[in-house]
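Novice: Quick one: this structure, given as structure tokens, is what I'll be asking you about.
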Amino acid sequence: MDRIRIVGGHRLNGTIPISGAKNAALPLMIASLLTEGTLTLENLPRLADVSQLARILANHGVDYTIEGKRSGDSDTQGQTVHLAARQIVDTTAPYDLVSKMRASFWVLAPLVARMGEAKVSLPGGCAIGTRPVDLLLMAMKDLGAEIEIEGGYAIARAKNGLKGGDINFPKVTVGGTHTALMGASLAHGTTVIHNAAREPEIVDLAECLMKMGAKIKGAGTKTIEIEGVARLNGARHAVLPDRIETGTYAMAVAMTGGDVLLQGARADLLQAALDVIEQTGAKCVQTNDGVRVTRNGGPIQPVDVTTEPYPGFPTDLQAQLMALVTRANGTSRITETIFENRFMHVSELARFGAQIRLDGDTAIIEGVEKLKGAPVMATDLRASVSLVIAALAAEGETTVNRVYHLDRGFEALEKKLGACGAEVERISAG
């Protein structure tokens, strides 16, 4: 199993190219099941989750081809991929594939919408709480699907196609909104999604579906209206830049000090997070080339933050922020309202000498003057990169184990940080 070795104490200076968003790429890839035409996705990140989903889609009959590199292309430049589901050969998504990644459960909606049936294993994935699929199944029922759970599988049927309806989510759900958008696009009649998720990745999926011929109004607001169409076409679409990767590297610069251009990043996708990073003492400025982050001297300032659905502070940046404020000049409070069990990084950050105590869903972080390198273990995707942020500022050497979690969501992390002056290397197993 690979490890990452980091020697802390180096300021970050240079340019980090921001990859396409993982959380946008996965539903966009799944949308290829909705059409016989070819869906071409540009700026697709090279991630373990993207490769895994490609295998799952191939099981259903999706041809997946990657355009070759052109001269001058860098290792961190997004790839262009063509997905063609000319014929769905299997409407079952088996446990051994779905259990490796939760987002693959979303194939249920396009399979039922196009084929009238699907049998999809209940998912596994990240160990950060239950994250049940009940709201996704509720949305499918509201679109007229008959659902039964049998032997660990969700079996959905709509023999005469899905039908438009009112979907009232009792709480904001990104997965449920993605599912409803895909299912409603091919449903008979009009669908209205109430209390829809407003994340930029929802808007990105809606824009791609509209290029494919879907009729959607209101994406990015709490109410989305979809007028179903008989069929969708192929299309070409560029994946939006990853706001979580942007926020992660911005916090790394705020932690170490320095001056880094996050190339291709868009501040409007994570303004709440950038506002918090500025409260800690860094500066984040949108330029024509991306977001420039600087911190030149002065102590890190403490913050009081609560995670919220978009446009609030994202739960996917909570662990990274916690790492940053372990060295703040004072006491910070971070309250997690989205997922239970999302404080598993606390015990690992403590190994650096961080002073953190938990009070229910709130972490209270007493800033310390310095951290010391230590062997640590990644527990989930976002927690793993919080350990990298701590290691970049810690005295001495840190080894981060189980980095397959990192590979799921961060493309070429050691290359990007190394190019900006960090002392970081991957140590391959065997």
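Novice: Quick check on region 74-83. Is at least one of its residues out of contact with any helix residue (DSSP H, G or I) (no Cβ under 6 Å at 6 or more places or on another chain), part of a loop (DSSP other than H, G, I, E, B) and crowded, with 20+ Cβ neighbours inside 10 Å?
Specialist: Yes, the conditions are met somewhere in region 74-83.
Novice: Which condition breaks for residue 58 when tested against (1) touching a strand residue (DSSP E or B) at 6+ places or on another chain (Cβ under 9 Å); (2) without any contact (Cβ under 8 Å) to a residue 12 or more places away in the chain; (3) assigned to a loop (DSSP other than H, G, I, E, B)?
Specialist: (3)
Novice: Still on this structure, I have one more. Based on what the data block shows, is residue 268 out of contact with any Asp or Glu (no Cβ under 6 Å at 6 or more places or on another chain), over 26 Å from residue 173 (Cα atoms) and either surrounded by fewer than 24 Cβ atoms within 10 Å (Cβ to Cβ) or not assigned by TED's automatic domain parsing to the domain that holds residue 333 (or both)?
Specialist: Considered against the rule, which asks whether it is out of contact with any Asp or Glu (no Cβ under 6 Å at 6 or more places or on another chain), over 26 Å from residue 173 (Cα atoms) and either surrounded by fewer than 24 Cβ atoms within 10 Å (Cβ to Cβ) or not assigned by TED's automatic domain parsing to the domain that holds residue 333 (or both), residue 268 comes out as no.
Novice: I would also like to ask the following. Select from region 386-412 the residues that are modelled with pLDDT under 95 and part of a helix (DSSP H, G or I) and write down the one among them that is surrounded by the fewest Cβ atoms within 10 Å (Cβ to Cβ).
Specialist: Per the criteria, the residue is 404.
Novice: Please determine whether any residue of region 210-226 is in the same structural domain as residue 185 (by TED's automatic domain parsing), in a helix (DSSP H, G or I), closer than 30 Å to residue 113 by Cα and within 18 Å of the chain's Cα centre (by Cα).
Specialist: no
Novice: It is to be established whether one or more residues within region 188-198 are among the hydroxyl-bearing types (Ser, Thr, Tyr) and buried (at least 24 other Cβ atoms within 10 Å of the Cβ).
Specialist: yes
Novice: Here's a follow-up. Counting just the residues of region 94-120 that are of a type outside the set (Gly, Ala, Ser) and farther than 23 Å from residue 232 by Cβ, which one comes out surrounded by the fewest Cβ atoms within 10 Å (Cβ to Cβ)?
Specialist: Once the filter is applied, the top-ranked residue is 96.
Novice: Sort out for me the strands (runs of 3 or more DSSP E) sitting completely within region 227-292 that have 3 or more residues that are under 24 Å from residue 392 (Cα atoms) and touching a residue at least 60 places away in the same chain (Cβ under 8 Å).
Specialist: Once the strands (runs of 3 or more DSSP E) in region 227-292 are filtered for at least 3 residues that are under 24 Å from residue 392 (Cα atoms) and touching a residue at least 60 places away in the same chain (Cβ under 8 Å), what remains is 258-263.
Novice: For residues that are under 16 Å from residue 386 (Cα atoms) and in contact (Cβ under 8 Å) with a residue 40 or more places away in the chain, tally how many sit in region 316-352.
Specialist: Of the residues in that region, 19 qualify.
Okay, residues lined up against (1) in the same structural domain as residue 252 (by TED's automatic domain parsing); (2) of a type in the set (Lys, Arg); (3) within 30 Å of residue 173 (Cβ to Cβ):
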{"position": "326", "(1), (2), (3)": "yes, no, no"}
{"position": "348", "(1), (2), (3)": "yes, no, yes"}
{"position": "366", "(1), (2), (3)": "yes, no, no"}
{"position": "369", "(1), (2), (3)": "yes, no, no"}
{"position": "379", "(1), (2), (3)": "yes, no, yes"}
{"position": "395", "(1), (2), (3)": "yes, no, no"}
{"position": "400", "(1), (2), (3)": "yes, no, no"}
{"position": "411", "(1), (2), (3)": "yes, no, yes"}
{"position": "415", "(1), (2), (3)": "yes, yes, no"}
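Novice: Checking the conditions here, which among 297, 247, 281, 258 is buried (at least 20 other Cβ atoms within 10 Å of the Cβ) and over 20 Å from the mean Cα position of the chain (by Cα)?
Specialist: 258
Novice: Name, by its number, the condition in (1) under 28 Å from residue 45 (Cβ atoms); (2) crowded, with 24+ Cβ neighbours inside 10 Å; (3) in contact with an Asp or Glu (Cβ under 9 Å, 6 or more places away or on another chain); (4) modelled with pLDDT of 95 or more that does not hold for residue 371.
Specialist: (1)
The values are calculated or read from the model by the stated rules, or taken from the named source; none is laboratory data. From a predicted model like this one, the values you see are computed outputs, not experimental measurements. When we count neighbours, we look across all protein chains shown, and the Cβ atoms used for this are built from the backbone with ideal geometry, even at glycine.
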